[in-house]
Amino acid sequence: MTPVNFVDVKDNDAIFEGSGWDAVVVVTSSLDNIEFDEISLLASHGANIDARVGRSATLLFAPGLAGGRLIVSPVLNYASDVQDVRGYADAARKGLSLAKEAGARKPLLVVSLSHEGKYRQSLPVAALACGQELWQALELREAVIQRDTIESIGLLVSTEQAKVLNAIESGRHLARDLCGTEPERMSAPNFAQYCVNAFANTCLKVAVIEDRAVLERDYPLLSAVARSSFAVPRHQPRVVKVEYCADGDIERSYFFAGKGVVYDTGGADIKVAGGMAGMSRDKGGAAAVAGLMKTLSILKPKGIRVVAELGLVRNSIGSEAFVTDEIITSHAGVRVRIGNTDAEGRLVLADLLSHLRLKAINEPNAQLFSVATLTGHVVRCYGGYTAVVENPVAREQGVGERLQQLGEAWGEPLELSRLRREDYAKIVDPSGAADVLSSNNAPSSVTARGHQYPAAFLLKASGLQAHGINSDKPLVYAHVDIAGSAIEGDPLYGKPTAAPLVGLFQHLC
Ligand SMILES: [Zn+2]
């Protein structure tokens, strides 16, 4: 299964029979707001005999229209203060599902445009929602020959707009494959290989670190998390480095650390009472960053350099497992006391960020990000929303605020959390023997400021703390916790969303 193919349709006659499209799916705020008279007439006739038309997604017999099928899918609560652009995504998914069930293979998606600012990206949001709707799990695709899939979706957009949407969807498709796949099929070595294959014949530079001695020297905290996985060759860790560099002058540079815990048993602080199910999805951060790189490789935006490091580790349990109380020196030279082995993601990220820090120091307008399914607390705090925790340099430059505005417009809303001095107080090693304590010893979901304070740890253990506002070389850094937003629906087995790929892409380009 390849990502859904969006086709730019420039001729409005494509809505009619004989155009090659086999259904017209209309996403609209109301029946009065459909811009094609032929469709509007059919829809109002339909509403006369079926009160559901305009209230829920309905299929109408439509002689003369493409495929003889008209599907009208309303944006519910359009005029309400409560609704946002995701109302278009919901409507597009319902309309597309109905078209698919009805037998359509090449639907034409018509989105009635809105003048309301909050809906300004309604067309691309509706289109991308179709990609989300159609994605099927990699295990399923590899086990079963897929039939009855949508071949392509027609959009009344320019060639350039279709190209951007296809590139974003290619990245999201890759991200979902990487995030949503079970822990043996998408072990750390397999994740790395999947990336290598996905980036072959692109402009991206890719390197995979797999040598144990190199990993232990250069990524000591990551290697501690991986320690008991080294005994099983197919579970051994990998670090994937990916780089995009535009032709010509570079004006801005971005650095991403992605958490790719391919399975999280909790380690010696093992997850009990059923708490382990779903923990193959602890790699959504690395997956989203890999997907972002894929999108960039297709669109090749000018003026930017983007460097990513993906930390792929299985947090296994065994006689070699790292345990609490150990003190391990990070790549940045910070002595970290392990507070809880189930707080492993921040250990992985700290070493990745330290490497990125050294690269970012010499780059123009550098911004660093960590992207991770990091805490249960963020889910308790914000439900299904992404949280961004900025360092003061990022806050001064309005980075989080910009991400929030873009996410809102593009249907990936996020919450802005603020780093406080109490967050630093939480990572003090009470014994004084270590420079920093990795975590407290309770689940983050019952810890006050449980998703904010890990950003303080990341700043300190990665060496980024030395690049604050009053330093010689301030560096922008934002930590993005996607534990609540990486999966939709069933928290254990729901569909990966690839969040926050779309918002990050808009921020970069
Ligand atoms: Zn964990």
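The values are calculated or read from the model by the stated rules, or taken from the named source; none is laboratory data. Quick caveat, the model's predicted, so the values are computed rather than measured. Cβ sites come from the backbone with ideal geometry, for glycine too, and all protein chains shown count toward neighbours. Quick note on the areas: whole protein, heavy atoms, side chains included, nothing else; ligands and nucleic acids left out. Shrake-Rupley method; radii C 1.70, N 1.55, O 1.52, S 1.80 Å.
Using +1 at the Cβ of each Lys and Arg and -1 at the Cβ of each Asp and Glu in the stretch 389-456, identify which of 452, 431, 417 lies farthest towards the dipole's positive end. Checked the options; the winner is 431. Restriction of the trypsin sites (Lys or Arg not before Pro) in the stretch 42-100 to DSSP coil positions whose beta-carbon has at most 15 other beta-carbons within 10 angstrom yields 52, 55.
Please report the net charge: other residues with Cβ closer than 14 Å to the Cβ of residue 275, K and R +1, D and E -1.
Details: positive: 271, 281; negative: 264, 269, 282, 342.
It works out to a net charge of -2.
Projecting the Cα atoms of 5, 115, 40 onto the charge dipole of the stretch 5-157 (Cβ charges, centred on the Cα centre) puts 5 farthest toward the positive pole.
Which angle between 0 and 90 degrees, to the nearest 10, do you get for helix 122-134 versus the longest principal axis of the chain when only C-alpha atoms count? Once rounded, one gets 80 degrees.
Cross-link partners for residue 163 among the aspartates and glutamates, with Cα-Cα distance under 19 Å and sequence neighbours closer than 8 places in the same chain left out: 8, 11, 151.
Counting only lysines at least 8 places from residue 283 when in the same chain, those with an alpha carbon closer than 16 Å to its own are 241, 259, 495. For residue 31, neighbours were defined as the other residues whose beta-carbon sits under 15 Å from its Cβ, and their charges (Lys and Arg +1, Asp and Glu -1) total -3. Round to the nearest 10 and report in Å² the accessible area of residue 17, as given by a 1.4 Å probe over the protein chains' heavy atoms. For residue 17, solvent-accessible area is about 130 Å².
Among the GluC sites (Glu not before Pro) within the stretch 155-258, those in coil by DSSP and having at most 14 neighbouring Cβ atoms inside 10 Å are 184, 251. Take the Cα of residue 140, step 7 Å toward its Cβ, do the same at residue 8, and the gap between the two points is 3.2 nm.
Between residue 270 and residue 118, what FRET efficiency comes out of the Förster formula 1/(1 + (r/R0)^6) with R0 = 35 Å and r the beta carbon distance, rounded to 0.05? Between residue 118 and residue 270 the formula returns 0.20. Using a simple spin-label model with pseudo-atoms 7 Å out from Cα toward Cβ, residue 421 and residue 298 lie 4.9 nm apart. Each other residue within a Cβ distance under 12 Å of residue 83 adds +1 if Lys or Arg and -1 if Asp or Glu, for a net charge of -2. The stretch between residue 361 and residue 163 holds 67.9 nm of extra length on full extension. This uses 0.36 nm per residue minus the Cα-Cα distance.
Loop-located trypsin sites (Lys or Arg not before Pro) in the stretch 131-240 (DSSP state not H, G, I, E or B) with no more than 10 neighbouring Cβ atoms inside 10 Å: 147.
Over the residues of the chain, the helix contribution to mean residue ellipticity at 222 nm works out to -10000 deg cm²/dmol, using -39500 (n - 2.57) for each DSSP H run of at least 4.
Whenever you get a sec, compute what percent of the accessible area on the stretch 206-304 sits on carbon and sulfur atoms (1.4 Å probe).
Numbers: 1710 of 3390 Å².
Carbon plus sulfur share of accessible area: 51 percent.
Pop the C-beta distance of residue 197 and residue 335 into the FRET formula with R0 = 45 Å and round what comes out to the nearest 0.05. Mind dumping the intermediate values first?
Values: r = 39 Å, r/R0 = 0.86.
Here the calculated transfer efficiency is 0.70.
Between the helical axis of 453-462 and the longest alpha-carbon principal axis of the chain there is an angle of about 60 degrees.
Measuring between their Cα centroids, the stretch 360-375 and the stretch 113-157 lie 30 Å from each other. For residue 473, the lysines whose Cα comes closer than 22 Å to its Cα, not counting residues fewer than 8 places off in the same chain, are 359, 460.
A straight chain from residue 396 to residue 48 at 0.36 nm per residue would run longer than the Cα-Cα distance by 119.6 nm.
The distance separating the Cα centre of the stretch 237-276 from that of the stretch 1-51 comes to 42 Å.
Placing +1 on the Cβ of every Lys and Arg and -1 on the Cβ of every Asp and Glu, with no other charges, gives the chain a dipole of roughly 800 debye about its Cα centre.
Between helix 86-101 and the chain there is an angle of about 60 degrees, using the helix long axis and the longest principal axis of the Cα atoms.
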